[in-house]
1. Checking THR133 against (1) polar (S, T, N, Q); (2) open to solvent by less than 40 Å² (accessible area, probe 1.4 Å); (3) within 16 Å of the ligand (Cβ to nearest atom), only one condition comes out false. Which one?
2. Among ALA53, ALA25, which is open to solvent by less than 90 Å² (accessible area, probe 1.4 Å) and assigned to a helix (DSSP H, G or I)?
3. Among the helices (runs of 4 or more DSSP H) contained in the range 114-226, which hold 3 or more residues that are out of contact with any Gly (no Cβ under 8 Å at 6 or more places or on another chain) and aliphatic (A, V, I, L, M)?
4. Need pairs with beta-carbon distance below 8 Å; first residue without any contact (Cβ under 8 Å) to a residue 40 or more places away in the chain and more than 18 Å from LEU385 (Cα to Cα) and within the range 198-223, second within 16 Å of the ligand (Cβ to nearest atom) and open to solvent by 50 Å² or more (accessible area, probe 1.4 Å); sequence gap 6+ or separate chains.
5. If only one of ALA275, ALA254, ALA245, ALA260 is modelled with pLDDT of 95 or more, open to solvent by 10 Å² or more (accessible area, probe 1.4 Å) and either touching a His at 6+ places or on another chain (Cβ under 9 Å) or among the polar types (S, T, N, Q) (or both), which one is it?
6. With (1) closer than 12 Å to LEU121 by Cα; (2) within 16 Å of the ligand (Cβ to nearest atom) as the list, and HIS283 as the residue in question, which single condition is left unmet?
7. Can you confirm whether the range 72-92 contains a residue that is part of a loop (DSSP other than H, G, I, E, B), hydrophobic (A, V, I, L, M, F, W, C), under 30 Å from LEU219 (Cβ atoms) and more than 16 Å from the ligand (Cβ to nearest atom)?
Amino acid sequence: MKDLLAATANRSTRYLAGIAHMPVAPRPEAIERLEALGGVLPQGPSDPIDVLALLDDVGSPATVATTGGRYFGFVIGGTLPAALAANWLAGAWDQNAGLYVTSPVAAKIEEIVLGWILDLLGLPLTCGAGFVTGTTMANFSALAAARTALLHRIGWDVEQHGLFGAPPIQVVVGEEVHVSVLKALSMLGLGRSRVISVPTDNQGRMKADALPNMDDHTLVCIQAGNVNTGAFDPAREICSRANEAGAWVHVDGAFGLWAAASPRYAPLLDGVSAADSWAIDCHKWLNVPYDSGIAVVREPEHLRSAMALTAAYLQTSGTREPCHYTPDASRRARGVELWAALRSLGRDGLRDLIERTCSLARMFAEAFRKAGFEVLNDVVLNQVLVCFGDDQRTRRVIDEVQKEGTCWCGGTVWHGRTAMRISVSSWATTAADVEASVAAILKTAA
Ligand SMILES: Cc1ncc(COP(=O)(O)O)c(C=O)c1O
């Protein structure tokens, strides 16, 4: 075991040391070589050292260098050193984080991390939360709690009786709602397309004055951080109108909620703490390993009612049982990496991570404008949308940049126009990475 883990450490450090020099997207030859991992499953056992060597030799060159400093696709962070190290140790611990009795350390760490995060994000310290796989499941879990609470108010126990015959819930979203919210609504039986869709402005912010009439069986889904522009829905106005009507407000704050850790960006979140539930992502801007998100609910009991499971053999301990707040029962101790990331960053480090990545996003935008290209969004956070001429030309630039390998940027369509999307979400990105990436993109665009 000792030799195996030492070899793993050596191979991992070699991989990370080389990441700045590898193409950000794997070469086609490296992907073709992945066949070497397949074939007929050997009849007998193999030495774990050889298994690891094969995995590294064939697998590593075929990875996407998302944990390096020049990956700007989707909203993808890297892995902070302390978070990676904690991930290894937690792997050695092999804890089942479902119950206190199966892992007191995982259960305790979740409580500590939750307290830190609620405080950092300015959310009520009495909230309950489930540690889930990402924002899609955080949206699902929080919206399940909303469904439970709203139907309970009108005398319907959805856990016992299901949705057939239940009184309707009015669901309100913005036109720019993230698809994961619609997926969560569909999984919850609330439907993707029976929502009322509120118009948005040119940055993708919901127009609060276009909200429909709301009541105490209305569910309003707003977002903090549009996946394309980084813009925030006007939470104060929406929450105040919804609260007056008794409606439930859910915030998809996948990456945007982390802006609260910076006094400079926190004003973008004005009013967000008046909502009833929040979905937060940790594998994006907090830079912990996949998979990691948190569903936060103001009244813990609603999340618990939606998620708890009991059985004679599931021994409880009179304390917070992690599996009472998540869709799954057995799961890994993902709170460990959150603890390590936050403990290593401290408040100042997290603020610096947020502010640095936002300022690098502005650096991209300024360089593109200076070169005469159009930046489509107000760069209020870490997201940049840029066009290199007509749609066809922009599409071509995106394809060629992806093939060239200095950096990786994806594409999108924003208000009818094809744009390159740049999301600066990694702790590892430096000004030199941005300069090299801008140079490669402008060379391709020229
Ligand atoms: C606003 C928003 N919500 C939800 C998601 C989905 O997150 P995940 O991939 O962690 O499920 C994303 C992903 O980028 C996002 O930006």
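The values are calculated or read from the model by the stated rules, or taken from the named source; none is laboratory data. These figures come from a predicted structure and were not determined experimentally. Glycine also receives a Cβ, built like all others from the backbone with ideal geometry; neighbour counts cover every protein chain displayed. Each accessible area value is taken on the protein alone, full model and side chains, heavy atoms only, with ligands, DNA and RNA left out. Shrake-Rupley method; radii C 1.70, N 1.55, O 1.52, S 1.80 Å.
1. It is condition (2) that THR133 fails.
2. Only one candidate qualifies: ALA53.
3. Ranges flagged: 135-153, 179-187.
4. Pairs that qualify, where the first residue is without any contact (Cβ under 8 Å) to a residue 40 or more places away in the chain and more than 18 Å from LEU385 (Cα to Cα) and the partner is within 16 Å of the ligand (Cβ to nearest atom) and open to solvent by 50 Å² or more (accessible area, probe 1.4 Å), are VAL198/GLU175; PRO199/GLU175; MET206/GLU175.
5. Sole residue among the options that is modelled with pLDDT of 95 or more, open to solvent by 10 Å² or more (accessible area, probe 1.4 Å) and either touching a His at 6+ places or on another chain (Cβ under 9 Å) or among the polar types (S, T, N, Q) (or both): ALA254.
6. (1)
7. no
Yes or no, residue by residue, for (1) under 29 Å from ILE76 (Cα atoms); (2) at pLDDT 95 or above; (3) among the aliphatic types (A, V, I, L, M):
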| residue | (1), (2), (3) |
| --- | --- |
| VAL249 | yes, yes, yes |
| ASP281 | yes, yes, no |
| GLU299 | no, yes, no |
| THR310 | no, no, no |
